[in-house]
Amino acid sequence: MRLGEVGEFGLIARLRELAGPPASGEVWAGDDTAVVRAPAGTILFTTDIMVEGVHFDLSLTGPEDLGYKAMAVNVSDVAAMGGTPRRAVAAIGVRPGIEMEWLERLYNGMRECAGEFDAAVVGGDVSRSECLVISVALIGNPAGRLVVLRNGARPGDAICVTGALGASAAGYRLLRAGIKDRPGLVQAHLRPKARVAEAVALRRQLPSAMIDISDGFAADLGHICEESGAGAVVDAAKLPVVSLDGVELDCDPLELALHGGEDYELCFTIAPGRAEAAAHAITEATSTPVAIVGEIVDGAEGMKLIVDGQTKDLEAKGWDHLKS
Ligand SMILES: [Mg+2]
């Protein structure tokens, strides 16, 4: 059945059924607003929009994966503050000819991702639109006062990265080329894993700054440097560059790792004496590897990359869809 036959209220009723009963003491979809329980004090609050033709291509992704990713990118932002995701609302713009079943699968992908982190989708809105638009807003709990901002990096701090870099960008290129023999890379692009457990394991080690890698490692490290008034020296040999051995792609893995984007790994800085312990704590809790890839330096030095013993400028370029 198509959305046009069911109408807005029919859709909302169906999505309410899928969401199941609300948590104790909460009111989810069905009233003027959702009612959610929150700890006293501060909350984290974020939103991220995904627009057809800008952020995704419906010929390359299915509804479950799209819903999953729309939630995951928001969850990743909460993790990047050292927090845990709690409650989300989703506003969707769709063509009225769309099948209800497709929308339900999209919504199920969102719920699946939220559920992995003990979070929930508690409401939303839907409108007619010329292209598909998915806007998720998410609140999260900070770890007490330990909110990890971008502006705390100091010269001497170690720069660390979780997981591997460049997998999502490689997966995107494989999808576009129709090459299906490396599902792990494609999954990294379609269903990024938000690093919530890693952030939780890290926060007791008191990182000085953190960001999730959405624009690309170089661009996002650039955001930390800019906000902290600092520079950085990165050793290319220590970067956890994704292996593209045996992959029929004409691209440089280091380039993808530096500038590819959408990895949704965490990049954090930490006092050098605690870096090894922090990396160990994360890996022990989550089995996610952590690489110590460089050092924060004085702001006047800018961002540098050491490749084969030579030091060159590291350009903070990445994915910016507002620039053409
Ligand atoms: Mg972010």
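The values are calculated or read from the model by the stated rules, or taken from the named source; none is laboratory data. None of the values given here were measured: they were computed from a predicted structure. When we count neighbours, we look across all protein chains shown, and the Cβ atoms used for this are built from the backbone with ideal geometry, even at glycine. Please note that ligands, DNA and RNA were not included when accessible areas were found on the heavy atoms of the full protein model with its side chains. Shrake-Rupley method; radii C 1.70, N 1.55, O 1.52, S 1.80 Å.
Within the stretch 201-215, restricting attention to residues that are within 12 Å of the ligand (Cβ to nearest atom) and surrounded by 24 or more Cβ atoms within 10 Å (Cβ to Cβ), the residue that is nearest to Pro155 (Cα to Cα) is Met210. Scanning the stretch 287-306 for residues that are part of a strand (DSSP E or B) and surrounded by 14 or more Cβ atoms within 10 Å (Cβ to Cβ) yields a count of 12. Can you pull out the residues in the stretch 56-99 that are of a type in the set (D, E, K, R), away from the ligand (no atom under 16 Å from the Cβ) and over 18 Å from Leu185 (Cβ atoms)? Passing the criteria: Glu64, Arg86, Arg87, Arg95, Glu99. Taking every residue in the stretch 217-230 that is under 19 Å from Ile292 (Cβ atoms) and touching a residue at least 40 places away in the same chain (Cβ under 8 Å) and pairing it with any residue that is within 15 Å of the ligand (Cβ to nearest atom) and part of a helix (DSSP H, G or I), at least 6 positions away or on another chain, the pairs with Cβ-Cβ distances below 9 Å are Ala230/Ile224.
For the stretch 28-46, give me the residue count where each residue is farther than 13 Å from Gly124 by Cα and in a strand (DSSP E or B).
Summing the residues that are farther than 13 Å from Gly124 by Cα and in a strand (DSSP E or B) in the stretch 28-46 gives 3.
Residues in the stretch 71-81: is at least one in a loop (DSSP other than H, G, I, E, B) and touching a residue at least 24 places away in the same chain (Cβ under 8 Å)? Yes, there is a match, as at least one residue in the stretch 71-81 is in a loop (DSSP other than H, G, I, E, B) and touching a residue at least 24 places away in the same chain (Cβ under 8 Å). Being surrounded by fewer than 24 Cβ atoms within 10 Å (Cβ to Cβ) and within 13 Å of the ligand (Cβ to nearest atom) is the filter; apply it to the stretch 223-236 and report the residue that is farthest from the chain's Cα centre (by Cα). Among residues in the stretch 223-236 that are surrounded by fewer than 24 Cβ atoms within 10 Å (Cβ to Cβ) and within 13 Å of the ligand (Cβ to nearest atom), the one farthest from the chain's Cα centre (by Cα) is Glu227. If the condition is being closer than 23 Å to Ala194 by Cα and in contact with a Cys (Cβ under 8 Å, 6 or more places away or on another chain), then the stretch 268-308 contributes Phe268, Thr269, Ile270, Ala275, Ala278, Ala279, Val290, Ala291, Ile292, Val293. Pick out the one residue from Glu284, Glu198 that is assigned to a helix (DSSP H, G or I), buried (at least 21 other Cβ atoms within 10 Å of the Cβ) and either in contact with a His (Cβ under 8 Å, 6 or more places away or on another chain) or of a type in the set (Asp, Glu) (or both). Exactly one of Glu284, Glu198 is assigned to a helix (DSSP H, G or I), buried (at least 21 other Cβ atoms within 10 Å of the Cβ) and either in contact with a His (Cβ under 8 Å, 6 or more places away or on another chain) or of a type in the set (Asp, Glu) (or both), namely Glu198. Exactly one residue out of Thr47, Thr42 is loosely packed, with under 15 Cβ neighbours inside 10 Å, in contact (Cβ under 8 Å) with a residue 24 or more places away in the chain, within 19 Å of Pro142 (Cα to Cα) and within 16 Å of the ligand (Cβ to nearest atom), and it is Thr47. Taking the criterion of being part of a loop (DSSP other than H, G, I, E, B) and open to solvent by less than 60 Å² (accessible area, probe 1.4 Å), the only residue of the stretch 8-21 that qualifies is Gly20.
Residues that are surrounded by fewer than 19 Cβ atoms within 10 Å (Cβ to Cβ), at least 2 per element: which strands (runs of 3 or more DSSP E) completely within the stretch 94-190 meet that? Spell out the reasoning first.
Details: elements: 120-128, 133-141, 158-162.
Result: 120-128, 133-141.
Among (1) in contact with a helix residue (DSSP H, G or I) (Cβ under 8 Å, 6 or more places away or on another chain); (2) more than 15 Å from the ligand (Cβ to nearest atom), which single condition is Pro192 missing? Status for Pro192: all satisfied but (2). When residues in the stretch 118-129 are screened for being touching a Lys or Arg at 6+ places or on another chain (Cβ under 9 Å) and more than 9 Å from Ala88 (Cβ to Cβ), 3 of them pass.
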